[in-house]
Amino acid sequence: MNTQEMKAALAKTFDDAWHRRDMDAAYEIYSDDVVFQRFPFPPVVGKAANLEADAAMLAAFTETRCILDEVIVEGDTAAVRWTWDAVHTGTSPALGIPPTGKRVILAGCSVYRFQAGKVVEQWEYSDMLGLLQQVGVIPALG
């Protein structure tokens, strides 16, 4: 997969997941044994387990939108800096926070490693502190 193909595949994945809310289409890019790291949570191994985690996010947050602010590809690795916004309308199993009805904005970066045209590893670094502040779990700083 060349640089342009990787960029196009990632753009499609983000669009399918967060705008179309079609996780099956979004997950076409992933290998069956993908390892997903989203700090501070433990690693999630396997396409099915990752799909379940993202489906839970879609159940907890509605009106999702995600902007790809920047995509950088080098060799078999791609980095995507993104801005995600949504309305917190349900309880996510990962967060366990009852719905607040608040619009939240989350900035982050995801790093993908491709092998044979599929994502085999993904790391996500995002502003979880800011998210927790926006839903009222932690007071704002300053």
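Quick look at the values:
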| quantity | calculated |
| --- | --- |
| Angle between the chain longest axis and helix 47-60 axis [Cα atoms, degrees, rounded to 10] | 30 degrees |
| Amide proton proximity set for I97, modelled H, under 5 Å, gap of 5+ | S92 |
| Tilt relative to the chain, helix 3-14 - C-alpha long axis, 0 to 90 degrees, to 10 | 30 degrees |
| Of A94, V45, A78, farthest towards positive along the dipole that unit charges on Lys, Arg, Asp, Glu beta carbons give the stretch 8-98 | A94 |
| Neighbourhood net charge (12 Å Cβ-Cβ; Lys/Arg +1, Asp/Glu -1) for C109 | -2 |
| Total lysine pairs under 19 Å (Cα atoms) in the stretch 3-134, excluding pairs fewer than 8 apart on one chain | 4 |
| All-pairs alpha carbon distance profile, the chain, 10 Å steps from 0, percent | 12, 43, 35, 10, 1 |
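Every read-out reported here was derived from the displayed coordinates using simple, explicitly stated rules and does not represent laboratory data. On a predicted model such as this, the values are computed, not experimentally measured, just so you know. All Cβ positions, even for glycine, are placed from backbone atoms using ideal geometry, and neighbour counts span all protein chains on display.
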